[in-house]
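Below is one structure, written out as structure tokens, with a few remarks after it.
The values are calculated or read from the model by the stated rules, or taken from the named source; none is laboratory data. None of the values given here were measured: they were computed from a predicted structure. Virtual Cβ from ideal backbone geometry, glycine too; neighbours counted across all protein chains shown. Just so you know, the surface numbers come from the protein's heavy atoms only, side chains and all, with ligands and any DNA or RNA stripped out. Shrake-Rupley method; radii C 1.70, N 1.55, O 1.52, S 1.80 Å.
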Amino acid sequence: MMCAGWETQLLETGFLAIFLCPLWTLSQVPRRCPPSLVCIWTFRWLIVRIMLGAGLIKIRGDKCWRDLTCMDYHYENLGGVASGEIKRREPKRDRERVMFGNADTRYNHGVLIICTNNTSPLRPRPCFQTQPVPNPMSYYMHRSPRWFHVFETSSNHFIELVVPFFTFFGRRMCVINGAIQILFQVVLIVSGNLSFLNWLTIVPSLACFDDASLGFLFRAGGGAKKAVLDIQNEDAAGRTPKPSKGMLIRRVVNVSLGVMIGFLSVPVVMNLLSSKQVMNTSFDPLGIVNTYGAFGSITKERTEVIFQGTLSPDPKDPDAVWEEYQFLCKPGDVYRRPCLISPYHYRLDWLMWFAAFQTYEQSVWVIHIAGRLLSNDSTVLSLLDHNPFQGRDPPRWVRGEHFRYKFSVPGSASAVQGKWWLRKRIGPYFPAVDLEALRGYFQSRNWPHPHLPRNRM
């Protein structure tokens, strides 16, 4: 199951692209089969749905979007609730126990966050739908003056809720919509690591432009520009070539595409109009026409899970030295500058941000990673930036610590020391575990134990 909105968007964009170009020619401007107007409008309809879905989920979601304060938190946390309601409750401390071999631990966090979208407690569907890794510009944007954040939020509402309707008010307004949407995505690319989402959203925005508005990109007298002018002159003179059998088939396919997209759009439109709107959801099994959205709610603080290992034989020894693992991009070392990875996507870093909002009982894969770290597994370590036990014996114990992170203030004493982040320990995320304690835990889930081949389990 795909759990990220940009993955369903990639699927839909790729599907529509199949019908955009001719099948049997590599000509830059095919004279007998120009891009279908139906296909172009399916791309325009896609960008309209993307932006309206994102705008409506904000207005109906977090109060901070209505009081124009969301941008006060966005750059530091870069996170939002996607779909499903978030419920917080105090854990039942006397009954919620997790066994790691002979180790018995009780969950001791202040709140438990649960997705209410009928997911398994062992394999929860993430409640959050966003790339959670700030970039260097996010650090400075976060400290912008209050009036600028209000302007950003107001502009966001205008671009997502008003500008998409420009598509249906003639050529010039449609071009203006395309230009504004592309500029908006460029701003998002500069200010945050949102994977390839923003780059992908630019693609349907390009369909808002016509030949006249894009003519400046081609040199005068060039092959492509001359071919387009010849085709337009032939059409104006009524010398359009008689359609071939292949052209007629293509027309039938394009009309069928338009009818299908229209039919599959009915539940999507009903969802957009509903007060119980859901986002990043497919209403057909193939995911051809989907509903989108982002940042329905903004998290007000950032928490991170930090893996630590020690060579000490006793994890409770106060003199035990715990050394931290560093991921490729997500916050860890407070002295490390936020990374710049867009349009690339480090999925493990992204999933670790989800895990910080859940418990390890809900994100059992975190314990699987801990087991692999205990054996210096090369596959898992290839996904990390720093292994403190490189060239040494594997750690005897690994634990997860829960921290609250905040950007340092530019010009402050912490920033002068080179700190990009300030952090404060919340408590343990999962207790110290070793390979022996994890043996039964791995076996119960049919995971291969790091020191035992599968055929011996």
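A few points about this structure:
- Close amide-amide hydrogen proximity is noted between ILE426 and HIS402, PHE403, ARG404, each under 5 Å apart and 5 or more residues distant or on a separate chain (H modeled in the peptide plane; Pro and chain starts excluded).
- Cα centroid separation, region 46-74 to region 277-299 (Å): 14
- Of all accessible heavy-atom area on region 293-368, the percent that carbon and sulfur account for (1.4 Å): 57
- Net charge of Cβ neighbours under 15 Å - reference LEU11; Lys, Arg +1; Asp, Glu -1: -2
- Couplings 3J(HN,Hα) for region 224-240, derived from phi with the Karplus relation 6.51 cos²θ - 1.76 cosθ + 1.60 (θ = phi - 60°), are 5, 5, 5, 5, 5, 5, 5, 5, 5, 5, 5, 5, 5, 8, x, 9, 4 Hz, where x marks Gly and Pro.
- Whole-Å distance, taken between Cα centres, linking region 232-264 and region 131-179: 36
- Net charge of neighbours whose Cβ lies under 12 Å from the Cβ of GLY293, counting Lys and Arg as +1 and Asp and Glu as -1: +2
- Per residue accessible area of region 166-214, 1.4 Å probe, in Å²: 44
- DSSP-assigned coil residues among trypsin sites (Lys or Arg not before Pro) in region 163-228, each with at most 14 further Cβ atoms within 10 Å: ARG219
- For region 227-334, the solvent-accessible area of protein heavy atoms averages 52 Å² per residue (probe radius 1.4 Å; ligands and nucleic acids excluded).
- In terms of distances greater than 21 angstrom between alpha carbons, the cross-link table entries LYS330/LYS406; LYS276/LYS330; LYS300/LYS406; LYS300/LYS330; LYS276/LYS300 yield LYS276/LYS330; LYS276/LYS300.
- Scoring 434-443, 239-248 by mean Cβ neighbours within 10 Å over their residues and listing the highest first yields 434-443, 239-248.
- On the beta carbon distance between LYS316 and SER412, with R0 = 51 Å, the FRET formula returns roughly 0.90.
- In straight-distance terms, cross-link reach from LYS242 covers every one of the lysines whose alpha-carbon lies under 30 Å from its own, apart from those fewer than eight places away in the same chain; here that gives LYS225, LYS226.
- Using the average count of surrounding beta-carbon atoms within 10 Å as a protection proxy, the listed peptides 290-302, 263-275 rank, highest first, as 290-302, 263-275.
- Gyration tensor (alpha-carbon) shape descriptor, region 142-185, a/c threshold 1.5: prolate
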